[in-house]
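Bear in mind that the values in this text are calculations on the coordinates, not laboratory data. Remember, it's a predicted structure, so these values are computed and weren't measured experimentally. Cβ placement follows ideal geometry from the backbone for every residue including glycine, while neighbour counts extend to all protein chains displayed.
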Amino acid sequence: MLDLKFVRANPEIVAEGLKKRGAQVSLAEFLALDEKWRRQLAEVEQLKNRRNTVSEEIALMKTAGKDASAQIADMREVSQKIKEMDESLKELEAEIEQALLTLPNLPHASVPVGQDSVDNPVMRIWREPPKFGFDPRPHWEVAEALDILDFERGSKVTGARFTFYKGLGARLERALINFMLDLHTGQHGYTEIIPPFMVNRESMIGTGQLPKFEEDMFKVEKTDYYLIPTAEVPVTNMFRQEVLEAETLPIYLTAYSACFRAEAGAAGRDTRGLIRQHQFNKVELVKFATPETSYDELEKLTADAEKVLQLLELPYRVVVLCTGDLGFSAAKTYDLEVWLPSFNAYKEISSCSNFEDFQARRAGIRYRPAPKAKPQYVHTLNGSGVAIGRTVSAILENFQQEDGSVRIPEVLRSYMGGVEYIRA
RNA sequence: GGAGAAGUAGCGAAGUGGUCGUAACGCGCCGCACUCGAAAUGCGGUUGUCCGCAAGGGCACGUGGGUUCGAAUCCCACCUUCUCCGCCA
């Protein structure tokens with residue numbers, strides 16, 4: 001959420017930022033609404049002041065044994081007026097709140113202006129894509145030949161975009177989760193979290209999934225709960241409506257969770273394989289930082305995610321999302337894209353963002369810069385560290401052998417019970 | 001799921017219709033004094049937020065409603081925690 005005061009004072013800066021994203025927003029209407037609200041607020045507060053003063057007088061008169069019926073009758077009218085005005089004020093507030101909640105974050109100055117993913121500049125490339133002496137197969141074919149993924153039964157038991165992992169396939173998924181958590185906790189200084197996989201509506205608003213993207217979520221019937229689309233939601237909301245002590249920052253948390261996405265609008269895209277599932281596993285990185293350090297922290301967080309791919313020997317590149325491709329809540333985002341031979345392209349496997357105070361303002365996450373100082377909003381960051389299902393895909397495709405077996409990267413073997421190759 | 005109890009500042013806790021919710025009292029924390037220094041002791045300070053150029057106001061006692069001239073206090077609904085029972089991995 002943008003700062004109302006900032007929007008009020010700098011409408012042209014806000015309008016420009018939103019335009020760079022390609023968002024069509026009329027600020028004039030919004031500002032008029034705000035103006036109206038402030039006018040009414042001043043008016044009703046004056047009435048409340050009068051009510052408070054006179055009520056005190058009534059109390060004094062009563063204890064003195066005097067008749068206060070004239071004042072009481074007077075206040076009855078004032079109170080009625082206040083009630084009416086409070087109601088209309090509440091409606092105005094709700095309108096402003098709604099407008100504010102549906103405005104996306106402003107891009108950081110360093111974010112390149114562009115329309116869509118085609119305009120995302122490539123920052124760096126790690127390892128060239130592999131060359132095969134044979135026709136490499138897509139991961140779903142590799143996996144079915146090895147009997148480690150069962151897409152058909154997933155569809156039967158649940159529906160499209162659900163999958164059974166089996167044998168060494170399941171083992172590989174579990175190995176990756178453990179490897180990544182061990183790396184981030186052991187080498188990168190993160191504290192491990194296992195969060196709830198369902199959250200309430202407040203939390204979804206806190207990180208920016210709601211109110212705009214309801215269709216992308218799975219909602220649990222008869223409750224206020226949503227299945228989490230990423231551990232970012234519960235982990236960031238851990239400190240919702242709290243004031244953190246400055247010396248505790250930065251906070252580094254890493255969490256494994258299953259993630260659930262309705263994938264509305266994705267019909268027909270990536271229908272085969274593990275790339276686009278309704279349920280997938282992910283190890284997430286979340287940081288809470290001061291505004292002064294948050295962009296350094298973003299670089300470090302991205303490096304932490306990259307380390308996973310490097311140790312797994314997977315070729316990848318890093319792009320910076322241009323203004324038009326930036327997510328709703330993010331001020332700046334780096335995407336890590338892993339090479340997938342079956343796509344003959346790089347595919348997103350991690351998205352690392354600095355949200356600045358956008359989420360913190362929604363969720364009320366603050367810190368006290370100094371012992372006596374006013375609380376300030378923290379900056380929140382997160383990134384996949386990394387998506388597990390897509391990593392499995394990348395391993396199956398990049399490390400497949402001509403005989404159909406798949407080489408397990410060195411670093412994973414101890415997690416795989418010493419297995420070096422998955423064979424049929 | 002059933003029965004009971006409770007939610008007030010960083011923590012404990014008082015207040016049960018008006019005369020001070022920047023909230024008694026205690027702990028903690030900050031400053032000062034005393035001291036070579038510390039401890040102990042004494043004195044002072046210690047919520048957040050909104051509107052306003054300011055002066056100055058408004059709001060908040062789990063949350064949301066209601067009653068009243070006036071609600072932490074009375075009424076209703078909900079949330080959370082605790083105790084007991086039931087069920088359960």
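Data overview
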read-out	value
Residue-wise HN-Hα coupling along region A:197-214, computed from phi with Karplus coefficients 6.51, -1.76, 1.60 (Hz; x: Gly, Pro)	8, 10, 9, 8, 4, 3, 5, 5, 6, x, 9, x, 5, 10, x, 7, 10, 3
Under 5 Å, built H, 5+ apart or other chain: amide partners of A:Glu284	A:Ala255, A:Tyr256, A:Ser257, A:Gly385
Region A:140-231 - convex hull of alpha carbons, volume per residue in Å³	148
Principal axis dimensions, region A:215-296 - Cα atoms, whole angstrom, descending	48, 34, 20
Computed helical MRE - 222 nm, chain A, DSSP H runs ≥ 4 contributing -39500 (n - 2.57), nearest 500	-13000 deg cm²/dmol
Nonlocal amide H pairs with A:Tyr225, under 5 Å, H built at 1.01 Å	A:Val220
Lys pairs, region A:274-379 - Cα-Cα below 20 angstrom, 8 or more residues apart or on other chains	9
Debye log10 I(q)/I(0) at q = 0.23 Å⁻¹ for region A:267-375, Cα point scatterers	-1.39
Computed lengthening from A:Val25 to A:Glu202, 0.36 nm per intervening residue step minus Cα-Cα distance	61.3 nm
Magnitude of the charge dipole, region A:345-412, Cβ model with Lys/Arg +1 and Asp/Glu -1, debye to 20	900
Options A:Trp339, A:Ile365, A:Phe288, ranked by Cα towards positive dipole end of region A:279-367, top entry (Cβ charges)	A:Ile365
Sum of side-chain charges, A:Gly186 neighbourhood, beta-carbon under 13 Å (Lys, Arg +1; Asp, Glu -1)	-2
Extreme residue, positive dipole direction of region A:110-193, given options A:Pro130, A:Ile193, A:Gly159 (C-beta unit charges)	A:Ile193
Taking N as its residue count, the alpha carbon Rg of region A:46-121 over 2.2 N^0.38 Å	2.24
Using θ = phi - 60° and Karplus 6.51 cos²θ - 1.76 cosθ + 1.60, couplings along region A:380-389 (whole Hz; Gly, Pro as x)	10, 9, 7, x, 6, x, 9, 5, 6, x
More than 23 Å apart - percent of Cα-Cα pairs taken over region A:1-96	48
Virtual spin-label span in nm between A:Thr271 and A:Ala32, 7 Å along Cα→Cβ	4.8
Order of A:Val78, A:Val386, A:Val7 under a 10 Å beta carbon neighbour criterion, fewest first	A:Val78, A:Val7, A:Val386
Chain A, dipole about Cα centre (Lys/Arg Cβ +1, Asp/Glu Cβ -1), debye to the nearest 20	440
Calculated P(r) of chain A - Cα pairs past 38 Å, %	33
Fraction of antiparallel bridges per DSSP, chain A only, in percent to nearest 5	90
Nonlocal Lys pairs with alpha-carbon distance under 27 Å, region A:1-127 (8 or more apart, or different chains)	20
Region A:1-132 - charge dipole about Cα centre, Lys and Arg +1 at Cβ, Asp and Glu -1, debye rounded to 20	420
Dipole of chain A, positive end: most advanced residue of A:Thr223, A:Ala330, A:Met75 [Cβ charges, Cα centre]	A:Met75
Sorted by Cβ neighbour density within 10 Å, fewest at the top, the residues A:Tyr256, A:Tyr316, A:Tyr334	A:Tyr256, A:Tyr334, A:Tyr316
In sequence order, calculated HN-Hα J values of region A:74-86 (Karplus, 6.51, -1.76, 1.60; Hz; x Gly/Pro)	4, 6, 4, 5, 4, 4, 4, 4, 4, 4, 4, 5, 4
Mean projection area, nm², convex hull over Cα of region A:1-54	4.4
Region A:371-424 pair-distance distribution - Cα-Cα, 10 Å bins, rounded %	19, 35, 15, 10, 11, 8, 2
